[in-house]
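The values are calculated or read from the model by the stated rules, or taken from the named source; none is laboratory data. Everything numeric in this text was worked out from a predicted model, so none of it was measured. Glycine also receives a Cβ, built like all others from the backbone with ideal geometry; neighbour counts cover every protein chain displayed.
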Amino acid sequence: FPKEGVSYVTEPVAILSTAKNTDAAQRFVDFVLSQKGQDLVLEMGYIPARNDMGVPAGFPARADIKLMDFDPAVALQNAEANKAKFAEIFGAN
């Protein structure tokens, strides 16, 4: 893990406002956040969202993982410039 820190969420889950089947989407989100879903997340090598669970083998303890500072207002203000820079670096269209 970088000493500078890591982002808060690396594997987000959400229901888009344009979702065509919100009932199924809600069931999926409910599953992902359930104990069974979080067990699967852990098994796949990700840190579960639930604080009452451990971390994958080889990961530092939760308390030892530094999270990067995040200011949502600044992120929103810089969103377009950040997307352009990402596209420049990684060649995204």
Exercise for the section: Check the range 25-48 and report whether any residue there is of a type in the set (F, W, Y), on the phi < 0 side of the Ramachandran plot and either loosely packed, with under 10 Cβ neighbours inside 10 Å or modelled with pLDDT of 95 or more (or both). Expected result: yes
Problem - Residue selected from the range 1-17 under the condition at pLDDT 85 or above and polar (S, T, N, Q), by the criterion surrounded by the fewest Cβ atoms within 10 Å (Cβ to Cβ) - result: S17
Practice task
State whether the residues of the range 79-90 include one that is in a loop (DSSP other than H, G, I, E, B) and either among the polar types (S, T, N, Q) or touching a residue at least 60 places away in the same chain (Cβ under 8 Å) (or both).
Solution key: no
Practice task
Using the structure shown, decide if P12 is under 15 Å from the mean Cα position of the chain (by Cα) and free of Cβ contacts under 8 Å to residues at least 40 places away in the same chain.
Solution key: yes
Problem - Residue that is surrounded by the most Cβ atoms within 10 Å (Cβ to Cβ), among those in the range 53-78 that are β-branched (V, I, T) and assigned to a loop (DSSP other than H, G, I, E, B) - result: V55
